[in-house]
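Encoded as structure tokens, the structure appears first; notes follow it.
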Amino acid sequence: MKIMTENDFQELLHSDMGEYYIGRWDYYKRVIEIVKRLNPKKVLEIGPGKHCIVKDCDIMVKPEEDAWGRPIHEIGKEILYDATEKSWPINDKEYDLVLGLQVWEHLSNKQSRAFREVIRISHTAILSFPYLWNCPKTSKNYPEHHDIDEDLIADWTLHKEPKEIIKIERTGEKVSKGPRIIYFWEF
């Protein structure tokens, strides 16, 4: 299994979307630690943007063009599917790990539906969320990123108790560089 390195991350910082990635290494490296500990054989990353955490993993992306792009390195299988729809075209327990980093808040009030599918298709999952961001109504981050807390995440994840929760401090002044929270589950 090949995993994103800090050098890979530095490439992202020098890409056309570099500003978007500033400050993300703080939580990426914590996710990478969990992935290394798990050593999964088969991984699905949902909405990975320009770079997957696990190289050569399968990805699920919306069929339409995504402003955050597609991975710039080799991937496994590309599943073109809207994660808010059910049932995902994936077999039960097909994956050892599902990753969804800063994706869940964008699932149009269908987060719990998607999480049911994560439980169905995988043995473990890591999701990260913006945490307690105070987004003004005039911000492009409002309302998807605004005021996400443990109670809302519990609703989105069917009150399934995570094995581990990691809080990441603010990484910059912009709203989009606010704190994040990582959840890890075993199913």
> Tell me, what ³J(HN,Hα) does each residue in the stretch 91-102 have, in order and in whole Hz, if you take phi through Karplus 6.51 cos²θ - 1.76 cosθ + 1.60 with θ = phi - 60° and put x for Gly and Pro?
Replying inline: 6, 4, 6, 5, 10, 6, 8, 10, 10, x, 9, 6
> Among the DSSP beta bridges whose two residues both lie in the stretch 52-187, what percent are antiparallel, rounded to the nearest 5?
Replying inline: 55
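Please report the relative contact order for the stretch 74-159, taking Cα pairs under 8 Å with a sequence separation of at least 6, and give it as a percent rounded to a whole number.
Relative contact order here is 29 percent.
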>> Quick check for you: which residues of the stretch 150-167 have the amide N under 11 Å from the point 7 Å beyond the Cα of Arg37 toward its beta carbon?
In response: 163-166
>> Residues of the stretch 158-186 with backbone nitrogen within less than 13 Å of a virtual label 7 Å along the Cα-to-Cβ line of Asp26, please, listed as ranges.
In response: 167-182
> Relative contact order, percent, of the stretch 2-186 when contacts are C-alpha pairs under 8 Å separated by at least 6 residues?
Replying inline: 18
> If you take the charge dipole of the chain about its Cα centre, with +1 on Lys and Arg Cβ and -1 on Asp and Glu Cβ, which of Leu107, Leu38, Trp68 is farthest toward its positive end?
Replying inline: Leu38
> Between Glu169 and Lys93, what length comes free when the chain is fully extended (0.36 nm per residue of separation minus the Cα-Cα distance, one decimal in nm)?
Replying inline: 24.0 nm
> Once fully extended, how much extra length lies between Lys110 and Glu65, figured as 0.36 nm per residue of separation less the alpha-carbon to alpha-carbon distance?
Replying inline: 14.2 nm
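Using just the Cα positions, wrap the stretch 20-93 in a convex hull and report its mean projected area in square nanometres, one decimal place.
Average projection, Cα convex hull of the stretch 20-93: 5.7 nm².
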> Going down the list Lys2/Lys36; Lys2/Lys177; Lys50/Lys110; Lys50/Lys77, which pairs span over 18 Å between their C-alpha atoms?
Replying inline: Lys2/Lys177; Lys50/Lys110
> With respect to the cross-link table entries Lys140/Lys174; Lys29/Lys174; Lys41/Lys93, which display a Cα-Cα separation exceeding 18 Å?
Replying inline: Lys29/Lys174
>> I need the Debye-formula profile for the chain: one equal scatterer per C-alpha, no solvent, reported as log10 I(q)/I(0) at q = 0.14, 0.18 1/Å, two decimals.
In response: -0.75, -1.35
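The numbers here are math on the coordinates, done by the rules we state, and not lab data. Owing to the predicted nature of the structure, the values given are computational and were not obtained by experimental measurement. All Cβ positions, even for glycine, are placed from backbone atoms using ideal geometry, and neighbour counts span all protein chains on display.
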